[in-house]
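Inspection log for the structure reproduced underneath, given as C-alpha cells.
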Amino acid sequence: MASGTGDDPILEVDRVTLRFGGVTSLAEVSIRQQRGELLAVIGPNGAGKTSLFNAITGVYRPQDGDIRFRARDQRPVSLIGKKVHEVTKLGIARTFQNIRLFAALTVFENVKIGIESRQRTGPVSAMLRLPRTLREERDGDRLATELLDFVGLRNRANDLAASLPYGAQRRLEIARALGTRPQLLLLDEPAAGTNPVEKAELEDLIRHINTEMGLSILLIEHDMRLVMSLAERVVVLNFGRVIAEGPPAQVQADPAVIEAYLGTRAYRAATGEEASG
C-alpha cells in the first residue's frame with residue numbers, strides 16, 4: 001500500500017452530524033485518513049456511507065462538525081460550505097454508485113471533461129485560440145490518452161461511452177475522476193453490478209491507483225472480499241454512527257460488526273460461511 005509512516009492526515013472528518021428533517025443520517029461521525037492510505041467505509045444499507053461522501057464533496061452541508069482536507073504541502077482547509085466544483089479544485093474526486101457518464105460522448109471526450117474542469121482557460125482565451133489555450137488542449141489530449149491507457153481503454157477511445165460493457169464503464173468513470181488530478185479519490189461502490197472478471201480488473205486498477213499514482217483512496221464497497229483484500233484500514237458505519245474501525249481482520253471479528261451484518265450475504269461471503277453452507 002502507498003501510505004507511509006507517521007501522522008500525515010489528508011482528510012479529517014470531525015464529529016459530523018447530518019440531519020434531514022427528523023432523520024439523522026450521520027451522528028457525530030469522526031474519521032481520520034492518512035495520506036496515501038486506502039481506507040474503506042462499510043456498513044449495511046442505510047448506514048450513512050453515501051451521505052458521508054456527499055458531505056465531503058459539498059453535495060450536503062452538515063449541521064454540526066467539521067471536515068478538513070489538507071492538500072500536499074498546504075494547510076488544512078475546511079470543506080464545510082464549499083461547492084462541489086470548489087472541492088474538486090482542492091484535489092478531491094469521486095465516482096458514483098450509479099454510473100454518471102455522458103453516454104452520447106466518446107470515451108475520450110468523457111475523460112477530457114474531467115481534465116478540462118481543472119484547466120484555467122476562460123471563454124475569451126478559448127475563442128481567440130491563444131497560445132496558452134492551445135498548450136492546455138495539447139496537454140489535456142496527452143493526459144486523456146495516458147489515463148485511458150492506464151485503465152485499459154485506449155483502444156476504445158473513439159467509441160461512445162454507452163457502447164462499453166458495464167465493467168469498462170466503471171473504469172471509464174474512474175479515468176474521468178483521475179482527469180481532475182485529485183490527491184484523494186472517493187469510490188462509491190465501484191464493483192457494484194460487475195461480474196467476477198470485471199471485479200478482478202477493478203481490484204487491480206484500484207490497487208495500482210493507490211500504489212503507482214500514490215493517491216489516497218476512500219472506498220465504499222459492499223463486496224467484503226474486495227474490501228478485505230484492498231483496505232489497510234476499515235471504518236464501519238451503522239445507523240449513521242461509527243461502530244468499529246481498524247485493520248480488516250480485526251474489524252471482521254468485532255462483535256458489533258458481526259451483529260450489524262448478521263445474516264447478510266456480504267458477511268457470509270467475507271467469512272467463508274457461504275462456502276460451508
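Considering only region 212-250, how many residues are at pLDDT below 95, part of a helix (DSSP H, G or I) and either over 14 Å from the mean Cα position of the chain (by Cα) or farther than 10 Å from Ile42 by Cα (or both)?
8
Within region 39-82, can you find the residues that are surrounded by fewer than 20 Cβ atoms within 10 Å (Cβ to Cβ), closer than 20 Å to Val23 by Cβ and touching a Leu at 6+ places or on another chain (Cβ under 7 Å)?
Tyr60, Gln63
I'd like the residue in region 181-195 that is in contact with a Gly (Cβ under 6 Å, 6 or more places away or on another chain) and at pLDDT 95 or above and, out of all such residues, is nearest to Phe102 (Cα to Cα).
Within region 181-195, the first condition is being in contact with a Gly (Cβ under 6 Å, 6 or more places away or on another chain), and the residues that meet it are 182-183, 194.
Filter again for at pLDDT 95 or above, leaving 182-183.
Working: Pro182: 20, Gln183: 24 Å.
Across region 181-195, the extreme among qualifying residues is Pro182.
Considering (1) farther than 18 Å from Ala161 by Cβ; (2) modelled with pLDDT of 85 or more, say which one Phe102 fails and leave the rest.
The failed condition is (1).
Name the pairs whose Cβ atoms lie under 8 Å apart, with the first residue in region 40-51 and closer than 11 Å to Leu26 by Cβ, the second of a type in the set (A, V, I, L, M, F, W, C) and assigned to a loop (DSSP other than H, G, I, E, B), and 6 or more positions between them or separate chains?
The qualifying pairs are Ala47/Phe239; Gly48/Phe239.
For Arg100, indicate whether it is over 18 Å from Ala175 (Cα atoms), charged (D, E, K, R) and surrounded by fewer than 17 Cβ atoms within 10 Å (Cβ to Cβ).
No; evaluated as a whole, the condition is false for this residue.
Can you tell me which residue in region 182-211 is nearest to Val84 (Cα to Cα), limited to those that are charged (D, E, K, R) and not in a strand (DSSP E or B)?
Glu189
The values are calculated or read from the model by the stated rules, or taken from the named source; none is laboratory data. Computed from a predicted structure; not experimentally measured. As a convention, Cβ positions derive from the backbone with ideal geometry for all residues, glycine included, and neighbour counts pool all protein chains shown.
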